[in-house]
Amino acid sequence: MPRRYRPETALLVIGLGTLAVPLDTAVNIAMPSITRAFGLALEDIRWIVVAYVLTYASLMLVFGKLGDLLGYRSIFRIGLAVSALGFLACAAAPSYGLVLFGRILQGIGAALTLSCGPALATSLFDEGERTRVLSFYAAATAVGAALGPLAGGLLVERWGWAAVFWFRVPIVLAALVLSALIPSAAKPSTARTFDAVGAALLVAWMSALLLACTLLSGPFGLHVPLGLGVLSLAMLAAFLAREARSRQPLVRPALFRDRAFAGMNAASIAVNFAAFGVLILVPYYLVRIAGLEASAGGGVLALGAGGMVVGAWLAGRIARRVRVARLALLGIVVCAAGLATIAAWTRGTPAAVLGVSLLVQGFGLGLFQVAYADFVTAALPAAERGVAGSLTMVTRTMGVVAGATGLSAALAHLEAAALAAGASPAEAFLAGFRSTFLGAAAGLALVVVLSLLRQRIPLRRGT
């Protein structure tokens, strides 16, 4: 392929297009304003998250496979266009129902963009540069996650809730125009068939599973989530049976018979489950216990994403000298250490110590995410890089959704128990907060122990 382009420039364009997705953390800041604008009950605002996450998580692997078949740049560019429509639909929506419709469009756009972003980025460079490129991609995602809350607070204060959607339109449109600088590489796959039935079963399985996790903490009792759980198991069984017979499966089930591969994906779910406690629980500590203003709390919370940026950058530099499996294990250890220090927070913990704890946890998460992405990418052939990139996002999302439900429920249960024992509201919250993070750190420590005890041969780089 003749090089009439600079691959670094094309990589920056991909990073710009990807940036709009993690900037969605700005929406969290706008939720109170959206609730007031449409007169919503507090429990109804959850659907602004559910509609988005459920859509992109269930479609990610399907779009990754389409990228393998049709070309990564095409899918990526379609994703940018759909994302722009989704942002516009949300910002201009006259009703909450139309906001949710826009969020579904955003989810489709995010699935298209993220499913092929890593594969498109790595296709620009030689295989020896794969880890460095993936570290840039992870760092760009972390930068977006860090900037989202900071930008969201300023935008909502000045222009209202719709601004958290408007401000991303020029970003994705600029990336769409500049995507002409990205070369149209030859399609990496010779396959010409797409398993539509398998895709439908996969979407049904993921949707039922994630919705079941989400509704566990809702007003529906246990019957609805249990029914969805049974449905998800049935769809998974049907999907696996279909893929075992398919000549062109969406995901090869044989991959997960490899203990190292299955273990690394399970570790990704566990790490993201534990780490999501920072985003969902720490803000309450910063306000209720530390007494910080929202702007100051947002700045402290952003330090975790800053640690991810540093961890991702460093991972790309040291991965050539360290096996990615060991680098991933190091990331889990550091992340667990950060969570353990958060579990030690008290009423009088200095803000500097809070920041260091978040930096350590984020640093470990950045190390792990780059190592995990490189591990999965190396395990699949070049013709399936879209599936590889999508798989890393799916496991991350599964961990996040499970963490949002499980950690919130754990904190609520522990806080209620402390209140029943006679603790004050602040003391009860702090007791539940510390125990929840201690449990999260212990869970990751168990992952480390199991990894060390398991006798396996690490995947060789480039295989």
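Specify which of the listed residues (LEU134, LEU181) is closer than 22 Å to ARG73 by Cβ and in contact with a Pro (Cβ under 7 Å, 6 or more places away or on another chain). Full working, then the answer.
On the way: LEU181 fails: in contact with a Pro (Cβ under 7 Å, 6 or more places away or on another chain).
Exactly one of LEU134, LEU181 is closer than 22 Å to ARG73 by Cβ and in contact with a Pro (Cβ under 7 Å, 6 or more places away or on another chain), namely LEU134.
Screening VAL322 with (1) touching a residue at least 12 places away in the same chain (Cβ under 8 Å); (2) in a loop (DSSP other than H, G, I, E, B); (3) among the β-branched types (Val, Ile, Thr) gives one miss only, at (1). If we scan region 45-55, do we find a residue that is over 16 Å from TRP161 (Cα atoms) and of a type in the set (S, T, N, Q)? Within region 45-55 (the criterion being over 16 Å from TRP161 (Cα atoms) and of a type in the set (S, T, N, Q)), the answer is yes, since at least one residue qualifies. Checking ALA142, ALA180, ALA175 one by one, the residue that is in a helix (DSSP H, G or I), crowded, with 21+ Cβ neighbours inside 10 Å and at pLDDT 85 or above is ALA175 and no other.
For region 368-387, a tally of residues being more than 12 Å from SER268 (Cα to Cα) and of a type in the set (A, V, I, L, M) returns 6. Can you spot a residue in region 274-292 that is assigned by TED's automatic domain parsing to the domain that holds PHE375, surrounded by fewer than 18 Cβ atoms within 10 Å (Cβ to Cβ) and outside any helix (DSSP H, G or I)? Yes, that holds for at least one residue.
With respect to the stated conditions, LEU16 is at pLDDT 90 or above and under 19 Å from the mean Cα position of the chain (by Cα). ASP44 - would you say it is surrounded by fewer than 22 Cβ atoms within 10 Å (Cβ to Cβ), touching a residue at least 40 places away in the same chain (Cβ under 8 Å) and part of a helix (DSSP H, G or I)? So ASP44 fits the description; yes. The criterion of being more than 19 Å from the chain's Cα centre (by Cα), in contact (Cβ under 8 Å) with a residue 60 or more places away in the chain and not in a helix (DSSP H, G or I) holds for LEU250.
Only a single criterion out of (1) surrounded by fewer than 19 Cβ atoms within 10 Å (Cβ to Cβ); (2) touching a residue at least 12 places away in the same chain (Cβ under 8 Å); (3) within 26 Å of TRP313 (Cβ to Cβ) is not satisfied by PHE363, namely (1). Within region 7-39, the set of residues being surrounded by fewer than 17 Cβ atoms within 10 Å (Cβ to Cβ) and not in a helix (DSSP H, G or I) comprises PHE38, GLY39. Taking GLY79 as the residue in question, decide whether it is in a helix (DSSP H, G or I) and farther than 21 Å from ILE280 by Cα. Against the criterion (in a helix (DSSP H, G or I) and farther than 21 Å from ILE280 by Cα), GLY79 qualifies.
Could you list, in sequence order, the residues of region 73-129 that are of a type in the set (D, E, K, R), surrounded by fewer than 23 Cβ atoms within 10 Å (Cβ to Cβ) and touching a residue at least 40 places away in the same chain (Cβ under 8 Å)? Within region 73-129, ARG73, ARG77, GLU127 meet the criteria.
Within region 85-132, the residues that satisfy the criterion of being within 27 Å of THR395 (Cβ to Cβ), at pLDDT 85 or above and of a type in the set (Val, Ile, Thr) are ILE104, ILE108, THR113.
The values are calculated or read from the model by the stated rules, or taken from the named source; none is laboratory data. Values in this document were obtained by computation on a predicted structure and should not be read as measured data. Note that each Cβ is placed from the backbone with ideal geometry, even for glycine, and that neighbours are counted across all protein chains shown.
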